[in-house]
Amino acid sequence: MKNIVILISGGGSNMAAILRAAEREDWAGGLGVRVAAVLSNRADAGGLAIAQAHGVPTQVLDHKGFGTREAFDAELARRIDAHTPALVVLAGFMRILGADFVQRYAGRLLNIHPSLLPAFPGLHTHERALAAGCRFAGATVHQVTSELDIGPILAQAVVPILPGDTAQALAARVLTQEHLIYPRAVRGFFESATDQTVLTTSA
């Protein structure tokens with residue numbers, strides 16, 4: 001069985017979408033893949049209860065208990081490695097991970113970003129897209145590298161920007177698409193690990 005470990009910090013809606021897809025599509029039986037654990041750096045992360053409801057073991061590792069980023073990363077990696085992961089999925093994990101951590105999981109560390117990368121890496125993506133007068137926004141699943149939001153793209157969803165859109169309204173529509181493409185990209189990682197084809201959808 002190939003194991004997935006998911007990292008969260010909050011409500012875990014993308015994690016929940018992955019768990020639902022894994023159950024609905026029987027990843028365990030069809031692909032030999034399962035979500036083995038969900039880890040959070042926050043004890044109050046709402047996604048922990050969701051994972052437990054799906055029968056997935058959870059752990060909390062509070063980053064505030066570590067004196068350095070490197071110490072936290074090292075303990076996080078130790079806990080992840082206890083599950084022998086084939087893939088580590090960031091699903092709203094609000095911690096910057098150091099270069100050594102990223103290198104440890106090179107090629108098997110995924111993230112989702114709420115823009116059509118390479119446009120608008122970093123924060124405040126929806127506000128920046130609106131300010132730039134863009135006609136489209138979206139979301140991108142990509143492999144994580146040591147440079148922020150520039151790793152190989154695995155999937156994208158395109159969302160039109162509507163007249164009078166606010167950042168909040170746009171974010172909500174983009175999130176709906178995230179819930180579709182992230183499970184698809186995770187499944188695709190295992191179905192064809194060497195396939196770099198970009199999956200594109202439109203809303």
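A short reminder: the numbers here are calculations on the coordinates, not readings from a lab. Being a predicted model, the structure only gives us computed values, none of them experimental. As a convention, Cβ positions derive from the backbone with ideal geometry for all residues, glycine included, and neighbour counts pool all protein chains shown.
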Rel. contact order, % - alpha carbon contacts under 8 angstrom, at least six apart, the chain: 20
Added length on full extension, which subtracts the Cα-Cα distance from 0.36 nm per residue, Ala169 to Ala53: 38.8 nm
Karplus-derived HN-Hα couplings along region 55-62 (A = 6.51, B = -1.76, C = 1.60, θ = phi - 60°), whole Hz, x at Gly and Pro: x, 9, x, 10, 9, 10, 10, 6
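Work out the FRET efficiency for Ile150 and Asp62 from their Cβ-Cβ distance, taking R0 = 25 Å, and round it to the nearest 0.05. Display every interim value, and only then the final one.
Details: r = 30 Å, r/R0 = 1.18.
With a Förster radius of 25 Å, E is 0.25.
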Residues with amide H under 5 Å from that of Val33, placed H, sequence gap 5 or more: Lys2, Ala28
Region 92-102 - phi-based ³J(HN,Hα) in whole Hz, Karplus 6.51/-1.76/1.60, Gly and Pro as x: x, 8, 9, 9, 6, 9, x, 4, 5, 5, 4
Amide proton proximity set for Gly12, modelled H, under 5 Å, gap of 5+: Gly47
Dipole magnitude of the chain about its Cα centre (Cβ charges: Lys, Arg +1; Asp, Glu -1), debye to nearest 20: 160
Theoretical FRET efficiency, 1/(1+(r/R0)^6), r = Cβ-Cβ of Arg79 and Leu180, R0 30 Å, to 0.05: 0.55
Sequence-distant residues sharing a close amide H with Leu116 (under 5 Å, placed H): Gly138
